[in-house]
Amino acid sequence: MTRQLGAILEYVDQLQKINTDQVEPLAHPLPIQNVFRHDEPAPSLPVDAALQNAPDRRANFYGVPAVLE
């Protein structure tokens, strides 16, 4: 492991010798952009449509097992 760590430190030393004064810092090496769509309000599903396949429907809610004693 000593040789591997030595090789890493030598490489870091090489990188420190490079003049990067004219290089703009990057957050990512590739040009990326936000791929999410704009969040725009839209009508919700009606309660009956949202709960039509619920295995345990309780009024206008999903029925779930109790997790508290």
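The values are calculated or read from the model by the stated rules, or taken from the named source; none is laboratory data. Remember, predicted model here, so these are calculated numbers, not experimental data. Reconstructed Cβ throughout: ideal geometry from the backbone, glycine too, with neighbour counts over all protein chains shown. To get the accessible areas, we keep the full protein, side chains included, count just its heavy atoms, and leave off ligands, DNA and RNA. Shrake-Rupley method; radii C 1.70, N 1.55, O 1.52, S 1.80 Å.
Checking the structure you have, find out if any residue of the range 32-47 is surrounded by fewer than 10 Cβ atoms within 10 Å (Cβ to Cβ), of a type in the set (Asp, Glu) and not in a helix (DSSP H, G or I). Yes, there is a match, as at least one residue in the range 32-47 is surrounded by fewer than 10 Cβ atoms within 10 Å (Cβ to Cβ), of a type in the set (Asp, Glu) and not in a helix (DSSP H, G or I).
Across the range 19-31, the qualifying residues are those that are open to solvent by 100 Å² or more (accessible area, probe 1.4 Å) and more than 25 Å from the chain's Cα centre (by Cα), and the one among them that is modelled with the lowest pLDDT is Glu24.
Residues that are in a loop (DSSP other than H, G, I, E, B) and polar (S, T, N, Q) within the range 1-31 comprise Asn19, Thr20, Gln22, listed in sequence order.
If I filter the range 3-25 for residues that are touching a Ser or Thr at 6+ places or on another chain (Cβ under 9 Å) and on the phi < 0 side of the Ramachandran plot, do I get at least one hit?
Kept after step one, since they are touching a Ser or Thr at 6+ places or on another chain (Cβ under 9 Å), are these residues of the range 3-25: none.
No; the residues of the range 3-25 include none that is touching a Ser or Thr at 6+ places or on another chain (Cβ under 9 Å) and on the phi < 0 side of the Ramachandran plot.
Just give me the residues in the range 48-65 being assigned to a helix (DSSP H, G or I) and acidic (Asp, Glu), in sequence order.
Scanning the range 48-65 gives a single hit, Asp48.
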